[in-house]
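Participant: What follows is a single structure, and I will ask about it in a moment.
The values are calculated or read from the model by the stated rules, or taken from the named source; none is laboratory data. Everything numeric in this text was worked out from a predicted model, so none of it was measured. Methodologically, a virtual Cβ is constructed for each residue, glycine included, from the backbone with ideal geometry; neighbour enumeration extends over all protein chains shown. For accessibility, only protein heavy atoms count, side chains too; no ligands or nucleic acids. Shrake-Rupley method; radii C 1.70, N 1.55, O 1.52, S 1.80 Å.
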Amino acid sequence: MKDKRELRKEALNIRKGLSEEEIIEKSKLITEKLISLDGFYNSKCVMAYMDFKNEVMTRFLIEHCLNLGKIVALPLIDCVDGVKKIFPYELTNQEGCLKPGTYGILEPVKEFSRKIDPKDIDLVVVPGVAFDVKGGRIGYGAGYYDIFLREVRKDCLKIGIAFDIQVFPSIPKEEHDILMDAVVTENEIYF
Ligand SMILES: Nc1ncnc2c1ncn2[C@@H]1O[C@H](COP(=O)(O)OP(=O)(O)OP(=O)(O)O)[C@@H](O)[C@H]1O
Ligand SMILES: [Mg+2]
């Protein structure tokens, strides 16, 4: 089996080949599939992410959540005791409530937001570089999500979203890797 680093590179390369139109269209389809799930319907607090580069766009999903009155949390990477970790903060609709943070990804501005207890989150929409059909996941390699996902409730749904081209039959798993409950693409929902 290819190692994680190789697969990460390969998947990022494949994803680079998508045009903006394809990304928009597929992201809309992924959103439709995701919002059709009972787990989504039943969630009051949804943690999303702000897409960057060629990740699945989350704007349609976020908009939909806000329209339904769900609480939307976004990751903010903060350094506490010398360790950088993800902290969920609420997305507010104030002007200037987001600003570029780690990797240049938009993050909530603390002054305009409130910290959300990971135990209050019902569904985490997880970005990734590659997934497999059994919920295996490869991210950018910092372990941010693997560490963060240990803090959510046992019954919190972890759903990876990705384009079909990012899903492989099987990817290597290490002990610290957290499995997704489902992976949603423009064509499939893998449980
Ligand atoms: N629970 C954990 N506790 C401490 N360190 C961890 C934990 N989980 C992961 N790590 C660290 O993170 C590193 C990167 O992990 P991995 O290769 O799985 O990243 P990834 O899943 O691609 O990244 P990310 O979660 O940021 O998207 C690991 O080598 C490990 O040192
Ligand atoms: Mg991992």
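Participant: Anything in the range 160-170 that is surrounded by 15 or more Cβ atoms within 10 Å (Cβ to Cβ), over 13 Å from Arg8 (Cα atoms) and without any contact (Cβ under 8 Å) to a residue 40 or more places away in the chain? List them, or say none.
Facilitator: Correct list: Gly160 only.
Participant: Return the pairs, sorted by first residue and then second, in which the second residue is near ligand 2 (Cβ under 9 Å from one of its atoms), the first residue lies in the range 142-159 and is small (Gly, Ala, Ser), the beta carbons are less than 8 Å apart, and the residues are 6+ apart or on different chains.
Facilitator: Matching pairs, first to second residue: Gly143/His176.
Participant: Could you tell me which numbered condition Thr92 fails, if it satisfies all but one of (1) under 16 Å from the mean Cα position of the chain (by Cα); (2) surrounded by fewer than 20 Cβ atoms within 10 Å (Cβ to Cβ); (3) farther than 17 Å from Ala142 by Cβ?
Facilitator: Answer for Thr92: the failing condition is (1).
Participant: Kindly evaluate Ile86 against the criterion of being within 19 Å of Met180 (Cβ to Cβ), in contact with a Pro (Cβ under 9 Å, 6 or more places away or on another chain) and not small (Gly, Ala, Ser).
Facilitator: Details: within 19 Å of Met180 (Cβ to Cβ): yes; in contact with a Pro (Cβ under 9 Å, 6 or more places away or on another chain): yes; not small (Gly, Ala, Ser): yes.
Spelling it out, Ile86 is indeed within 19 Å of Met180 (Cβ to Cβ), in contact with a Pro (Cβ under 9 Å, 6 or more places away or on another chain) and not small (Gly, Ala, Ser).
Participant: While we're looking at this one, here's another question. Please go through the range 51-86 and pick out each residue that is among the polar types (S, T, N, Q) and modelled with pLDDT of 95 or more.
Facilitator: Of everything in the range 51-86, just one residue is among the polar types (S, T, N, Q) and modelled with pLDDT of 95 or more, namely Thr58.
Participant: Has the range 95-107 got at least one residue that is crowded, with 21+ Cβ neighbours inside 10 Å and within 13 Å of the chain's Cα centre (by Cα)?
Facilitator: Within the range 95-107, not a single residue is crowded, with 21+ Cβ neighbours inside 10 Å and within 13 Å of the chain's Cα centre (by Cα).
Participant: Among the numbered criteria (1) crowded, with 21+ Cβ neighbours inside 10 Å; (2) within 16 Å of ligand 1 (Cβ to nearest atom), which single criterion is violated by Leu157?
Facilitator: Result: Leu157 fails condition (2) only.
Participant: Sticking with this one: With Asp51, Asp38, Asp81 as the choices, which residue is within 18 Å of Pro108 (Cα to Cα) and acidic (Asp, Glu)? Give the steps one after another, and end with the answer.
Facilitator: Working: Asp38 fails: within 18 Å of Pro108 (Cα to Cα); Asp81 fails: within 18 Å of Pro108 (Cα to Cα).
Criteria check complete, one pass: Asp51.
Participant: Enumerate the pairs (first residue in the range 171-190 and without any contact (Cβ under 8 Å) to a residue 60 or more places away in the chain and open to solvent by less than 10 Å² (accessible area, probe 1.4 Å); second residue anywhere and part of a loop (DSSP other than H, G, I, E, B) and away from ligand 1 (no atom under 16 Å from the Cβ)) with beta-carbon separation below 8 Å, excluding pairs fewer than 6 apart on the same chain, so at least 6 apart or on different chains.
Facilitator: Correct list of pairs: Val183/Val133.
Participant: Would you tally the residues in the range 112-149 being closer than 20 Å to Ser43 by Cα, buried (at least 19 other Cβ atoms within 10 Å of the Cβ) and away from ligand 2 (no atom under 16 Å from the Cβ)?
Facilitator: Adding up the residues that qualify gives 6.
Participant: Applying the selection to the range 87-98, what residues are at pLDDT 90 or above and assigned to a strand (DSSP E or B)? Lay out the reasoning, then the answer.
Facilitator: The first filter runs over the range 87-98 and keeps only residues at pLDDT 90 or above, leaving 87-91.
Phe87, Pro88, Tyr89, Glu90 - these are the residues of the range 87-98 that are at pLDDT 90 or above and assigned to a strand (DSSP E or B).
Participant: What number of residues within the range 34-70 satisfy the criterion of being under 13 Å from Leu123 (Cα atoms), touching a residue at least 40 places away in the same chain (Cβ under 8 Å) and crowded, with 19+ Cβ neighbours inside 10 Å?
Facilitator: Kept after step one, since they are under 13 Å from Leu123 (Cα atoms), are these residues of the range 34-70: 34-35, 37-49, 61-62, 65, 70.
Cutting the leftovers down to touching a residue at least 40 places away in the same chain (Cβ under 8 Å) gives us 34, 37, 39-40, 42-49, 61.
Applying the additional criterion that residues be crowded, with 19+ Cβ neighbours inside 10 Å yields 34, 40, 43, 45-49, 61.
The qualifying residues number 9.
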